[in-house]
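Please treat every number below as a calculation from the coordinates, not as lab data. Note that the coordinates shown come from a computational prediction; the quantities given were computed from them, not determined experimentally. Reconstructed Cβ throughout: ideal geometry from the backbone, glycine too, with neighbour counts over all protein chains shown.
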Number of protein chains: 2
Amino acid sequence: MASSAKALSKRAVPRRQARGIRTREAILERAVDISSVHGLDGLTVGHLATTLRMSKSGLFAHFGSKEELQLATIDTARRIFIDRIIRPALAAPKGMPRLWNLIRLWISYVEKRVFSGGCFFTAASFEFDSRPGPVRDRIALVMREWMDVLTRAVQEAQRAGHINAKIDAALLAHEIHAIAIGAHWAEQLLDDRRAYARSLSITRKMLARVATPKSPAFV
Amino acid sequence: MASSAKALSKRAVPRRQARGIRTREAILERAVDISSVHGLDGLTVGHLATTLRMSKSGLFAHFGSKEELQLATIDTARRIFIDRIIRPALAAPKGMPRLWNLIRLWISYVEKRVFSGGCFFTAASFEFDSRPGPVRDRIALVMREWMDVLTRAVQEAQRAGHINAKIDAALLAHEIHAIAIGAHWAEQLLDDRRAYARSLSITRKMLARVATPKSPAFV
DNA sequence: CCTACCGATCGGTAGG
DNA sequence: CCTACCGATCGGTAGG
């Protein structure tokens, strides 16, 4: 991908600007990874520059302030989350299959340790939940989006006749989310290697309780 | 309490040492509160000293290093957790009443905002879960203790015939814990004020599903 | 428990 | 994207 882009001589974006964008993306992907371990506050410009073999000011030129860097890091984590979990999950048909796909892909993505520190958003949520400001607001925005995606998936499953229509969709979404957070906690802090398998099993039972006979199987 | 202690002229602990201990306790209680908002890493000696109107070095004299301060802060939070939740919960008889008391007191203690940042241990857990070292180990130790307390309460309820003996006690304890963490998350990050009531209602239904007819009511 | 320090690192800027 | 800085703050120490 990178080499074919380099091979092009005529294109819309000037070479200089294109390289700047690629550098920015490389910076931000590293920033997401570092933040997943050290937090968005533990992410420092100096450390980030060193690991990228850049000068501090050279890196800083891409962002106006540390807060802008934090916000851009959150946006990058969001894009990765959408690319890796939400978009692939939409491949399954609406209803129980799509809902189950969302849960399964989410758990397996954290299990695979895409980032060194596990789930970026869980860490960021608890780091900033008591610290008012733009960073907290941005994290909350992304997490509301995610809860809406989960809630909508439940509602679609209800409309498809896979889940009992009487169930409170938002409440079920919260239960699903809580079980996943609990799995991150047990796996990462307590080194409980059965945590992810257990959370999938709990969620499966949870869904089985609200599923209609019409629902396709989910494994 | 403080004045009657001062009035005593003869006692086992010399006045100087007693004052030192009280100062240390005051420092650590403030440290728990600051950490609940800014994290155990965001807790700095300078800021802590300023809010206590002490010199940095005067405060630092109580601890050999920042890491020692962090460890002592965790121990203090643990003691508060035991005093405020576990000990009062033990007042209820073994079985479902005691288990329900643990859950109820835990949720209400975070709801009451005993600390500015909500639940100290949830924040600390996610801050250090990917950062090996003595601080992470100490947090994990306390959390294992807490999971053991919860698991034992479930087992006692099983022995008392209040909960179905076939239920996996550790698994139920993990479910209970996950729902509570999910409530902290929704309440503190998303400003969802129904989060705590909802988590109690979810947990109540969870227990109702595994309770035997012999179980006392829990509300 | 204090004053007076230390080197290192923080976020950020000037100027190229 | 760099070098060369800035003042502030970090954890920590000497000496009392």
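Sequence-ordered 3J(HN,Hα) estimates for segment B:45-58 from the Karplus curve with 6.51, -1.76 and 1.60 and θ = phi - 60° stand at 4, x, 5, 4, 5, 4, 5, 9, 6, 10, 6, 4, 6, x Hz, glycine and proline given as x.
Inter-part distance, segment B:167-219 to segment A:175-219, computed on C-alpha centroids, equals 15 Å. Short-range pairs are left out: with C-alpha atoms under 8 Å and at least six residues apart, the relative contact order of chain A is 20 percent. Inter-label distance, B:Glu67 to B:Glu29: 2.9 nm, where each label sits 7 Å from its Cα along the C-beta direction. Residue order for B:Met206, A:Met143, B:Met96, fewest other beta carbons within 10 angstrom first, comes to B:Met206, A:Met143, B:Met96.
Given a Förster distance of 22 Å, report the FRET efficiency between A:Arg209 and A:Arg144 from their Cβ-Cβ distance, rounded to the nearest 0.05.
That gives a FRET efficiency of 0.25.
For the protein assembly as shown, a/c is not less than 1.5, where a ≥ b ≥ c are the root eigenvalues of the C-alpha gyration tensor, and a/b does not top b/c. That puts it in the oblate class. Averaging Cα coordinates gives a centre for segment B:105-148 and one for segment A:127-142; these two points are 20 Å apart.
What is the angle, in °, between the Cα long axis of helix A:169-188 and the longest principal axis of the Cα atoms in chain A? Nearest 10 is fine, range 0 to 90. Helix A:169-188 and the main axis of chain A meet at about 60 degrees.
Once both axes come from the Cα atoms, what is the angle between helix B:15-42 and the longest principal axis of chain B, in degrees from 0 to 90, rounded to 10? The answer is roughly 60 degrees.
Close amide H contacts of B:Ile163 (hydrogens built in the peptide plane, cut-off under 5 Å, sequence separation of 5 or more or a different chain): B:Gln158, B:Thr212. For segment B:67-207, the equivalent ellipsoid derived from the Cα gyration tensor has semi-axes of 25, 18, 14 Å, listed largest first. For chain A, the longest principal axis of the alpha carbon atoms and the long axis of helix A:96-111 meet at an angle near 50°. In a DSSP loop and with at most 16 other Cβ atoms within 10 Å, the trypsin sites (Lys or Arg not before Pro) in segment A:50-87 are A:Arg53.
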